[in-house]
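One structure below.
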C-alpha cells in the first residue's frame, strides 16, 4: 500500500512541476511579442495597444511601403501634430520596406497618439497603464 502511495505522490509532483514550467514558459514567450504593432501598406494592423509603464513598442512593417511616424493623429483626413506631455517625442521615425522601429520607453501612464505622416488615416493609440 505504501509503495502505491509513494508512486502516486511522485507522479503528482512530476505533473505539478510540468504544469508550472509550461505556464511560466507561456508567460515569458508572449510578454515581448505583445508589444509589437504590425503595419501593412497603409494602416496599423491594430489601431491601439495597451502596455505597462516602462515598456516600449516595436513597429513592424509587413509590406514594402515606407512609413514615417510622428506624434499626433489624423482627424477628418487632416494630419494633426500633437506634443503630448510625457509621451516619447517622435519626429520622422522612418520605417522602410519590411523594417522595424521602436517607440519608448513610456515612463508615464496615459493615452498617447502616433500617426504615419505618409498615409492618411493611419493612426495608432497607445494606452500605458
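According to the calculation over all Cα-Cα pairs in segment 35-128, the P(r) per 10 Å bin from zero is 18, 56, 25, 1 %. Here r is the Cβ-Cβ distance between residue 107 and residue 68 and R0 is 30 Å; the resulting FRET efficiency, rounded to 0.05, is 0.80.
Would you mind getting me the FRET efficiency between residue 125 and residue 100? Use the beta-carbon distance for r and R0 = 22 Å, nearest 0.05.
0.70
Secondary structure note: in segment 25-129, about 70% of the DSSP beta bridges are antiparallel.
The numbers here are math on the coordinates, done by the rules we state, and not lab data. Just so it is clear, the model here is predicted, and its values are computed rather than measured. Quick reminder, even Gly has a Cβ in these numbers, built from the backbone with ideal geometry, and neighbours come from all protein chains shown.
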